[in-house]
Structures are given as C-alpha cells and as structure tokens.
Amino acid sequence: MSNPKVSICIPVYNSANYLTAAVESALAQRYDSFEVLIVDDCSTDGSADIAAGFAERSSLVRFVTNVTNIGMVPNWNRCLELARGEYIKFLFGDDLLSSPHNLECLAGILDRNQNVTLACSFRTFIDSNGNIMAERGFTPTGRPVSGLQAIRDCLTAAQNYIGEPSVVMFRKQQAERGFNNDYRQTVDLEMWFYLLLQGDIWCERESLAAFRRHPEQQTVLNVGELVHLEETLRLYDAYVHASGLRYPRLLEAALYYVQLYRVWKGHRYKGVLSREQAEQIISRYIPVKRFMCMIPLYKALNPLWKLVLSIRSHVKR
C-alpha cells in the first residue's frame, strides 16, 4: 500500500515480551487504509525476529531495523520520517490498541474537524499480565477544546492530562518538526503542546487503547532519576509565555516554585540528587536562600493548591 490514510508507527527496543500482542492489536483494526510500520532500534531480545515474521505474513506490515542504536526519541522521529500515512498513530511495543475501532474513530475526528490537531481517547492502564488497573482520559469529551486551554491546564497541574503516544492521533504534516530531542520523559507532552499551538484537541470517552505499566519501561526509569522535574521546568520556559498563554505573575512564580520544591525533595527525602545538584537546579530560577525562606509559606499553602487542582482536573478516573 503506497499511500495509506493512517500509519501505525511501532518504535521498538527490546519489546519481545509484548510485541506480538501489540502488532496483533494493530492488524485487528477495522479500517480500510492503514499500514503498520515497525522500526527496531537494534534490539537484543528477539524483537526483530518477531517483527520480521509479521512482515513476511502480512502485506500491511513494513519492518525496518536501524543500522546502529540511535536512542528512543530519534527512533520515534525515524518512524515519522518513514511513515507514508497522512495521519500518524503511534503504538508502543508494550501497549495495545484495545478497540478494533481505534483508527476509525480517531481518523474520523480528524477528517471531520480540520481545526483539531490532536485526537485522543480514554485509555486503560494494564499491568505486565494485561490486567486492568485503571481508566483515565482527558475531559471534556465529544467536542473540541481549545489547544491553548489544554496547554494551560497541563502546565498549571504539571500533568500530562492528554495521554501517552499510544493514545493519540495527529496529522503528519503538522508534526514534521519531529519530537524534541532535548526531552526524555516529557517528550510526548512537549509534542502535544507543539501541535496544540496549531489547533484544538478532541477526546473520545470510549477507551480505545491500553497503556502497559511494568518495571522495565523507560518511564519508570526516568521518574526514578527525577528527569520529569527538570523537564517540567523546561516546558514552563518554552510554553508559559507562548503565544496566547497568559499567567498572572504570582501564579507563574508558584508554578516554578512547586517544581523546585519537588527537586529539593529529591535531595532532602529521596536521596536521588545530592544537595549540590539540587541547589544548582534551583539557582537557575531563584536564589537558593530565597527558596529556603519560602518553604514554610509553601507548606502552609500547598493543601489549598492541591484542592484547587483537584477541582480543575481534566482527568476522569
């Protein structure tokens, strides 16, 4: 198929335990114009053999293996580069398209709504054995929501309300910039923000994908290293002052302080960072002495802050 409507992109690195189920869920889609593109980044666990087997058995599957290991984000961009479809649907090798109507639903949203630049759905969280743990999704559903509002709400709560790459669909043309290599943990959210500066988001209430949680996934490793905290601060720098986003100065200062305190906790309570490392990060945004003086005020106001965020939350469980 030379010009499919949708490219299901599966970037793979050592996903042998789950890859078969992922590809089978892609091939089960009840949609008449799609390809399954698997790009293996020099796996050492047999993932390439599994992918090659699917490519031999199905004309819908294209399999590419990188000459050398290029890393997670470059491999995502390699998928974008090789994809032939107008629409891009990522599917990680350990996730599932849990509904055979995933492509039909999300592609239909993009077909009918030219102002929507990011289509997503609710998703279920599953464990390594496929047992359902929870269900979440961005709200409101069934109608377009301003992209700027979605960015603002995610930044305010420092949360990815939208979802993981396996949950969304977008137009290849609008994402030609590619994923930003400066990010590891929030690289997907940064791309969602980039797309949402161009238009709206639409979320379907039905759970169409399943995101698998297991100890070996990169997300778990990144959070353990507190990568997400520094990258959240970087997102603030990049998008708080983006076109159309306006924050009161006091709220903006509070957003930064909350993240800086989490960095401090990484040293003080978790031992992930040394004191010198934590102070180095904090000093980029505020003098360390001033940060220390504000800790009692932060602790006094933090319960109120959490209450406000819970009321404003866009996540339904």
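The values are calculated or read from the model by the stated rules, or taken from the named source; none is laboratory data. Just so it is clear, the model here is predicted, and its values are computed rather than measured. Cβ atoms come from the backbone with ideal geometry, glycine included; neighbour counts cover every protein chain shown.
Brief remarks follow.
- Selection count, segment 49-68, where residues are exposed (fewer than 14 other Cβ atoms within 10 Å of the Cβ) and either modelled with pLDDT under 95 or over 18 Å from R84 (Cβ atoms) (or both): 5
- Filter result (surrounded by 13 or more Cβ atoms within 10 Å (Cβ to Cβ) and either touching a Gly at 6+ places or on another chain (Cβ under 9 Å) or without any contact (Cβ under 8 Å) to a residue 24 or more places away in the chain (or both)) within segment 131-144: R136, G137, F138, P144
- Of residues in segment 30-48 being surrounded by fewer than 17 Cβ atoms within 10 Å (Cβ to Cβ) and of a type outside the set (D, E), the one nearest to V167 (Cα to Cα): R30
- Here the condition is being closer than 26 Å to Q159 by Cβ, among the polar types (S, T, N, Q) and in contact with a Cys (Cβ under 8 Å, 6 or more places away or on another chain); of S99, S128, it holds for S99 alone.
- When G147, G93 are checked against the criterion of being among the small types (G, A, S) and touching a Gly at 6+ places or on another chain (Cβ under 8 Å), a single residue qualifies: G147.
- Hey, M169 among the aliphatic types (A, V, I, L, M) and either touching a His at 6+ places or on another chain (Cβ under 8 Å) or free of Cβ contacts under 8 Å to residues at least 40 places away in the same chain (or both) or not: no
- For I50, the conditions (1) free of Cβ contacts under 8 Å to residues at least 60 places away in the same chain; (2) assigned to a loop (DSSP other than H, G, I, E, B) are fulfilled apart from (2).
- Selection status of S207, touching a residue at least 12 places away in the same chain (Cβ under 8 Å), within 24 Å of S25 (Cα to Cα) and among the polar types (S, T, N, Q): yes
- Being part of a strand (DSSP E or B), polar (S, T, N, Q) and assigned by TED's automatic domain parsing to the domain that holds Y31 holds for only one residue in T117, T156, and it is T117.
- Candidates G178, G163, G137: the one that is touching a Cys at 6+ places or on another chain (Cβ under 7 Å), under 23 Å from A242 (Cα atoms) and small (G, A, S) is G163.
- Candidates G130, G93, G163 - the one that is in contact with a Ser or Thr (Cβ under 6 Å, 6 or more places away or on another chain), closer than 22 Å to A28 by Cβ and in a loop (DSSP other than H, G, I, E, B): G93
- Against the numbered list (1) crowded, with 21+ Cβ neighbours inside 10 Å; (2) within 22 Å of M169 (Cα to Cα); (3) free of Cβ contacts under 8 Å to residues at least 40 places away in the same chain, L27 comes up short only at (1).
- Candidate set: segment 69-81, residues that are out of contact with any strand residue (DSSP E or B) (no Cβ under 6 Å at 6 or more places or on another chain) and not polar (S, T, N, Q); chosen: the one surrounded by the fewest Cβ atoms within 10 Å (Cβ to Cβ): E81
- Residues in segment 253-289 that are among the basic types (K, R) and within 27 Å of R152 (Cα to Cα): R262, K265, R284.
- Looking across S98, S146, one residue alone is within 22 Å of V23 (Cβ to Cβ) and either out of contact with any strand residue (DSSP E or B) (no Cβ under 8 Å at 6 or more places or on another chain) or outside the structural domain of H228 (by TED's automatic domain parsing) (or both). It is S98.
Residue by residue, here is whether (1) in contact with a helix residue (DSSP H, G or I) (Cβ under 6 Å, 6 or more places away or on another chain); (2) not in a loop (DSSP other than H, G, I, E, B) holds:
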{"position": "N17", "(1), (2)": "no, no"}
{"position": "A26", "(1), (2)": "no, yes"}
{"position": "V36", "(1), (2)": "yes, yes"}
{"position": "D45", "(1), (2)": "no, no"}
{"position": "A55", "(1), (2)": "no, yes"}
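- Residue within segment 84-106 that is at pLDDT 95 or above, more than 22 Å from T139 (Cα to Cα) and among the hydroxyl-bearing types (S, T, Y) present: yes
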